[in-house]
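For reference, the structure discussed in these notes is given below.
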Amino acid sequence: MSASVSLSVRVAPDLRERLEDLALSQGKRPATLAAELLATAIDDPSPEAEDGPLVDAVTDLFKGMDGHGVPLRREAALALARVVDQGGSPAVLAVRTLLDIVAELFDAEEPEFRAFLADLGTPVAAVSA
């Protein structure tokens, strides 16, 4: 057995519970499973996730735009688009916030805005309301 050192980390209670449940199902102690998972993540990191279609649509939307606040809005919109592309419950709030950013830049009647909404799969009437 190789020498080991102690490592203490803080995790959310639900993550701790999930770790304990998984360890129990595998007949291991949570600390043993956590060490194995950490070693696996470090030894074989998963490749970076590729950007999805919404990130591509946001990138296209901001092409050629400049002006005060545009770079910040672009980066915020890209970060939100990545959350949306990953899905899950955080995506719902991200979509709303992303639409707010885009709506600040475009009139709802502009072709760029309509094309963006089409890429997003959002009916224009839902945003105009």
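Based on this model, can you work out whether L61 counts as assigned to a helix (DSSP H, G or I), touching a Leu at 6+ places or on another chain (Cβ under 6 Å), modelled with pLDDT of 80 or more and open to solvent by less than 50 Å² (accessible area, probe 1.4 Å)?
Here the answer is no, as L61 does not meet what is asked.
Scanning the range 64-108 for residues that are assigned to a loop (DSSP other than H, G, I, E, B) and either open to solvent by 80 Å² or more (accessible area, probe 1.4 Å) or among the charged types (D, E, K, R) (or both) yields G64, D66, H68, S89, D107.
Does the range 96-109 contain any residue that is modelled with pLDDT under 70 and among the polar types (S, T, N, Q)? No; the residues of the range 96-109 include none that is modelled with pLDDT under 70 and among the polar types (S, T, N, Q).
If you go through the range 1-30 and keep only what is exposed (fewer than 13 other Cβ atoms within 10 Å of the Cβ) and hydrophobic (A, V, I, L, M, F, W, C), you end up with M1, A3, V5, L7, V9, V11, A12, L15, L24.
The values are calculated or read from the model by the stated rules, or taken from the named source; none is laboratory data. Keep in mind that this is a model prediction, so the values were computed, not measured. In this analysis, Cβ positions are derived from the backbone assuming ideal geometry, glycine residues included, and neighbour counts consider all displayed protein chains. Remember, those area values only see protein heavy atoms, side chains included, never the ligands or the DNA or RNA. Shrake-Rupley method; radii C 1.70, N 1.55, O 1.52, S 1.80 Å.
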